[in-house]
Amino acid sequence: MSTIIIYTAPLCPYCTHAKRLLNNKNVAFEEISIADDPSIRHEMIQKSQRTTVPQIFNGDTHVGDCTEIYDLESRGQLDALLA
């Protein structure tokens, strides 16, 4: 099983919603804050080609942001991407 990684920033409501969904699904994840280290933010941008948080990955596979994971959940496709 791959590691779920979520890049976040403090006080980000979308990050909070995304983490809540993952927690409600009992999905373990590693949270990486981009707030204090510009190199971490750069890493996230390089991997996702996006500048906004949250950005969620399953191993090296980009799953998406908050809106995308809720959309995947509503279509019944999120569990397969997180497995």
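Points to keep in mind about this one:
- Residue list for the range 20-57, restricted to those being more than 12 Å from the chain's Cα centre (by Cα), loosely packed, with under 12 Cβ neighbours inside 10 Å and farther than 18 Å from Y70 by Cα: D36, D37, P38, S39, H42, Q46, Q49, T51
- Within the range 1-19, the set of residues being exposed (fewer than 11 other Cβ atoms within 10 Å of the Cβ) and among the hydrophobic types (A, V, I, L, M, F, W, C) comprises M1, L11.
Rule-based calculations on the coordinates, nothing more; no lab input. Keep in mind the model is a prediction, meaning the values are calculated, not measured. Every residue, glycine as well, gets a Cβ built from its backbone with ideal geometry; the counts of neighbours run over all protein chains shown.
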